[in-house]
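Data first, discussion second: the structure below is written as structure tokens.
The values are calculated or read from the model by the stated rules, or taken from the named source; none is laboratory data. Note that the coordinates shown come from a computational prediction; the quantities given were computed from them, not determined experimentally. When we count neighbours, we look across all protein chains shown, and the Cβ atoms used for this are built from the backbone with ideal geometry, even at glycine.
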């Protein structure tokens, strides 16, 4: 039976529960939304008994029939046609995966171009590689190719205009570890920050006309610093519970054991002391650590932790991720190994500094270094963040660095034996036509699931290492509101909710003052943007199967399904504060990333059975081709992407 939204309209279909999915319902109904060939899946049976997962991290479906109704509106400004992986990118990427572009195509149109370096991917790693290469070889010519309609990778933003106010929300990547001195201590700092002339100190806006305690970023109030916000927990059919940690969850429908386990997570301070603590953690799942070391064997606690860890950067939940990955993202219990840095709990000293549109603000400063004038005349940080892109400058002949967007690279190979070749042939598809050019070297700055399909002469060792990279999806939804007075009335700045509907957490956040002014208001009677990071954990499936199943679950959601579910969920949570979906929601933009986070199983970081870690293999250049992506570090932070881009640039510059 379908539920109704706040206006009494019946939703397009009910929310998909985990039970529905594992039972096979999504394969029959969700997949049918994607492709005319999908009905054939009905004969394949449920996911675990059919052939859907026989190739591990692939899926034997075309997945190329998406259209604008799946993507939904993209907002305004530079990123209006680049909200996540839209139907254009998903269709093209799956065509590549399905082998529709074949191998070397002698009929491809030869552009006659030669570049000293071609970079595949215009995210942080790719742009950094181009920047460092040009520093090492100022006379060089560089071309960056990217399949999206706007540069940035996951460091892109959504833009809205609501009641005369310009608003921004991150599509994905957001937050630089702050303060910078503390970031240096834990190795989460990039010298590039200073080279981009970004501020070394920030002030954050105050809250106007409200007494709410509002955090400064999206991530830390998820759990890390719940004391830094006025936090509400919501269960369907029950009043909002405000700051539940302060009264030991007295107002919540939880059993005593679960309440004790939640509190124990917060006071656990003495994990086993051992010199090989990092390798030891990488030998087990996070669930193993919770159960065997902390004594927490509680499915409800697993469900509590799963979306938090997944959204922070682990991709999936406690049942499959390495306990060392859980440490990287400051998960309860394992986080205590951070005391090795000599100053106690890291969350007592660090948080994240986020521009209005997330790390888009950092990336745009880097692009400005590569292509001067790309944002017109810029005299301030705000100009770089908000001036429109001059598209005429992106691919201008004669520029040291050119950027060709909407260009899907489909074939890369040395012209001759990799050990002695002097050039690399690069083929790409743009506007339905295939082109070919040549390069002195190439940096593949995308993920390994693409690299292993595109680099035609890839050595077997690299291919096998790349096969170990599994990826989980993430769907980031930005909801533009005309006001948030209803949150103020309920006394909550951040909300965690529980159930089978869409999402699990959202928060207000204080903006950094830019050029002495607040970029967006923080007043309950004025517009704002709430960001929802939606993971798709499906406990009980092995990691390789779970990543595919998670993508299917996300791909099976049309924009209209997501919109209706958000309206229902917000009404359920906020109606008691006076929320009305028709009146208060000004816009909803959905950003899907099918391969958002690498999922690191035990052994990813230090290798298994004496074999090297897969990242160590991939970091080795293949002839004139080097590989760079934050996933090689396991922890996909912008600082890590910069580090990998710098390493790859040094490798190819030395050729």
Which residue is farthest from the chain's Cα centre (by Cα), if the candidates are limited to segment 595-635 and must be surrounded by fewer than 23 Cβ atoms within 10 Å (Cβ to Cβ) and closer than 16 Å to residue 124 by Cα? 633
Top-ranked residue in segment 378-403 [being buried (at least 18 other Cβ atoms within 10 Å of the Cβ) and under 18 Å from residue 115 (Cβ atoms); ranked as nearest to the chain's Cα centre (by Cα)]: 403
Note on residue 442: of the conditions (1) closer than 30 Å to residue 564 by Cβ; (2) over 22 Å from the mean Cα position of the chain (by Cα); (3) surrounded by 20 or more Cβ atoms within 10 Å (Cβ to Cβ), unmet is (1)
If only one of 126, 112 is in the same structural domain as residue 427 (by TED's automatic domain parsing) and either in contact with a helix residue (DSSP H, G or I) (Cβ under 6 Å, 6 or more places away or on another chain) or more than 29 Å from residue 87 (Cβ to Cβ) (or both), which one is it? 112
Restricting attention to segment 469-511, report how many residues are out of contact with any strand residue (DSSP E or B) (no Cβ under 6 Å at 6 or more places or on another chain) and modelled with pLDDT under 95. 4
Boolean, residue 311 is within 20 Å of residue 537 (Cα to Cα) and modelled with pLDDT of 95 or more: yes
Can you confirm whether segment 352-368 contains a residue that is surrounded by fewer than 18 Cβ atoms within 10 Å (Cβ to Cβ), modelled with pLDDT of 95 or more and on the phi > 0 side of the Ramachandran plot? no
So for segment 416-439 (the condition being free of Cβ contacts under 8 Å to residues at least 24 places away in the same chain and in contact with a helix residue (DSSP H, G or I) (Cβ under 6 Å, 6 or more places away or on another chain)), does at least one residue qualify? no
Condition broken by residue 138, with the remaining ones in (1) in a loop (DSSP other than H, G, I, E, B); (2) closer than 26 Å to residue 434 by Cβ satisfied: (2)
Residues to consider are 152, 126, 112, 103; find the one that is modelled with pLDDT of 95 or more and in a loop (DSSP other than H, G, I, E, B). 152
In segment 308-423, which helices (runs of 4 or more DSSP H) lie fully inside it and hold 1 or more residues that are in contact with a strand residue (DSSP E or B) (Cβ under 7 Å, 6 or more places away or on another chain) and under 30 Å from residue 498 (Cα atoms)? 323-328
Given the conditions (1) crowded, with 20+ Cβ neighbours inside 10 Å; (2) in contact (Cβ under 8 Å) with a residue 40 or more places away in the chain, every one holds for residue 482 apart from (1)
Going through (1) crowded, with 18+ Cβ neighbours inside 10 Å; (2) assigned to a loop (DSSP other than H, G, I, E, B); (3) in contact (Cβ under 8 Å) with a residue 24 or more places away in the chain one by one, residue 295 fails only at (1)
Only one of 470, 490, 522, 502 is buried (at least 19 other Cβ atoms within 10 Å of the Cβ), over 24 Å from residue 306 (Cβ atoms) and touching a helix residue (DSSP H, G or I) at 6+ places or on another chain (Cβ under 6 Å). Can you tell me which? 490
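Could you please find all residues in segment 72-90 being part of a helix (DSSP H, G or I) and within 20 Å of residue 364 (Cβ to Cβ)?
Listed by number, the residues that qualify are 77, 78, 79.
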If you go through segment 426-441 one residue at a time, do you hit one that is in a loop (DSSP other than H, G, I, E, B), farther than 30 Å from residue 523 by Cα and at pLDDT below 95? yes
Hey, residue 93 hits all of (1) modelled with pLDDT of 90 or more; (2) crowded, with 17+ Cβ neighbours inside 10 Å; (3) not in a loop (DSSP other than H, G, I, E, B) but one; which does it fall short on? (1)
